[in-house]
Amino acid sequence: MSTHKEITKVTTNTLQRMKQQGEKISMLTAYDFSMARILDDAGIDVLLVGDSASNVMAGHETTLPITLDQMIYHAQSVVRAVDRCLVVVDLPFGSYQGNSKEALNSAIRVMKESGAHAIKLEGGAEVVESIKRIISAGVPVMGHLGLTPQSIYKFGTYAVRAKEDEEAELLVSNAHALQEAGCFAIVLEKIPAALGRRVSEELKIPIIGIGAGMHVDGQVLVMHDMLGINKDFSPRFLRRYLNMYDQVKEATQRYISDVKSKDFPNEQEQY
Ligand code: KIV
């Protein structure tokens, strides 16, 4: 008798089935082995190796500075940790906007060097040619519309996008273009809930929201925000499930105190 536990891996087909059956998709970001292992063990459906690593791991103000090599390093660590979930990796700023050949080369590097299952990139009609070329090489692509942080200097602000009709219509038409191009899912970031609902109802592929309301097909949060590792980021869409900043700080203070008072290590904690 085998003791091997069969694990049903999440694939892009699983996500499509979940949408059809009305089961919401859970997605979080991850950037390192240890946290990815916990999130996968907890049963998360999708882990996104987001370029938000630039903010939460490297301390940059924006997502722009992170490089393709750095994204691949994070992706390798996450892939080594997971047994079940789908791992999607962001193509970072400057690794795909040049032309579709550059985009394809970047996607191939991510897949070949990290072992991830799919890539994500930001943008609408302007990236359709690249998306088609990447998919034709066998790489699944997730789109990203609404607030696209790689364009923050074009927007000038992290405010809610597509509140006006013109931008909302453009977003809907871009969402259709991404679906036509073959994307298996789309992230919608920081848009009105009614618009999230409309896109989710009009499109066949899963729509995963971050600040896009309750009617989309799944939700994604940045892990550091959801666990309360960040203290000073409190957008309306965020629900914190832990207050890790204070908990880790308090544990560290107890450790410092035990070391200083010579309470640690004790007789049982030495050789
Ligand atoms: O990089 C990231 O964390 C993301 C999520 C906000 C969706 O793209």
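Checking residue 251 against (1) of a type outside the set (Phe, Trp, Tyr); (2) under 30 Å from residue 20 (Cα atoms); (3) more than 11 Å from the ligand (Cβ to nearest atom), which test does it fail? Going through the list (1) of a type outside the set (Phe, Trp, Tyr); (2) under 30 Å from residue 20 (Cα atoms); (3) more than 11 Å from the ligand (Cβ to nearest atom), residue 251 breaks only (2). More than 20 Å from the chain's Cα centre (by Cα), of a type in the set (S, T, N, Q), open to solvent by 60 Å² or more (accessible area, probe 1.4 Å) and away from the ligand (no atom under 13 Å from the Cβ): does that describe residue 136? Against the criterion (more than 20 Å from the chain's Cα centre (by Cα), of a type in the set (S, T, N, Q), open to solvent by 60 Å² or more (accessible area, probe 1.4 Å) and away from the ligand (no atom under 13 Å from the Cβ)), residue 136 qualifies. The residues of region 108-130 that are within 16 Å of the ligand (Cβ to nearest atom) and either touching a helix residue (DSSP H, G or I) at 6+ places or on another chain (Cβ under 7 Å) or among the aliphatic types (A, V, I, L, M) (or both), listed by number, are 110, 114, 116, 118, 119, 121, 122, 124, 127. Restricting attention to region 63-92, and to residues there that are out of contact with any strand residue (DSSP E or B) (no Cβ under 7 Å at 6 or more places or on another chain) and of a type in the set (A, V, I, L, M), which single residue is farthest from residue 6 (Cα to Cα)? Across region 63-92, the extreme among qualifying residues is 64. Screening 232, 217 for residues that are over 20 Å from residue 126 (Cβ atoms), under 18 Å from the mean Cα position of the chain (by Cα), in the same structural domain as residue 120 (by TED's automatic domain parsing) and among the acidic types (Asp, Glu) leaves exactly one candidate, 217. When residues in region 226-271 are screened for being closer than 22 Å to residue 48 by Cβ, small (Gly, Ala, Ser) and at pLDDT 95 or above, 1 of them pass. As for region 90-102, it holds no residue that is in contact (Cβ under 8 Å) with a residue 60 or more places away in the chain, within 30 Å of residue 234 (Cα to Cα) and under 18 Å from the mean Cα position of the chain (by Cα).
In the set (1) over 19 Å from residue 28 (Cα atoms); (2) touching a His at 6+ places or on another chain (Cβ under 7 Å), the condition left unmet by residue 67 is number (2). Every condition in (1) of a type outside the set (Gly, Ala, Ser); (2) within 15 Å of the ligand (Cβ to nearest atom); (3) more than 21 Å from residue 220 (Cα to Cα); (4) open to solvent by 60 Å² or more (accessible area, probe 1.4 Å) is met by residue 93 except one, and the failing one is (3). The set of residues in region 38-58 being away from the ligand (no atom under 15 Å from the Cβ) and surrounded by fewer than 20 Cβ atoms within 10 Å (Cβ to Cβ) consists of 38, 41, 42, 43. Consider region 19-36 and keep the residues that are open to solvent by 10 Å² or more (accessible area, probe 1.4 Å) and more than 22 Å from residue 69 (Cα to Cα). The one that is nearest to the ligand (Cβ to nearest atom) is 26.
The criterion of at least 1 residues that are of a type in the set (Ser, Thr, Tyr) is met by the following helices (runs of 4 or more DSSP H) wholly inside region 161-271: 165-181, 193-202, 244-260.
Here is the figure for region 184-197: residues that are more than 13 Å from the ligand (Cβ to nearest atom) and closer than 16 Å to residue 212 by Cβ total 6. So residue 120 passes all but one of these: (1) open to solvent by 10 Å² or more (accessible area, probe 1.4 Å); (2) within 25 Å of residue 34 (Cα to Cα); (3) touching an Asp or Glu at 6+ places or on another chain (Cβ under 7 Å). Which condition number does it fail? With respect to (1) open to solvent by 10 Å² or more (accessible area, probe 1.4 Å); (2) within 25 Å of residue 34 (Cα to Cα); (3) touching an Asp or Glu at 6+ places or on another chain (Cβ under 7 Å), residue 120 is out only on (1).
Exactly one residue out of 155, 184 is out of contact with any Asp or Glu (no Cβ under 9 Å at 6 or more places or on another chain) and open to solvent by 40 Å² or more (accessible area, probe 1.4 Å), and it is 155.
The values are calculated or read from the model by the stated rules, or taken from the named source; none is laboratory data. Keep in mind that what you see is a predicted model, and the values were worked out from it rather than measured. Note that we place each Cβ from the backbone using ideal geometry, even for glycine, and neighbour counts take in every protein chain shown. Accessible surface is based on the protein model in full, side chains and every heavy atom, while ligands, DNA and RNA are left aside. Shrake-Rupley method; radii C 1.70, N 1.55, O 1.52, S 1.80 Å.
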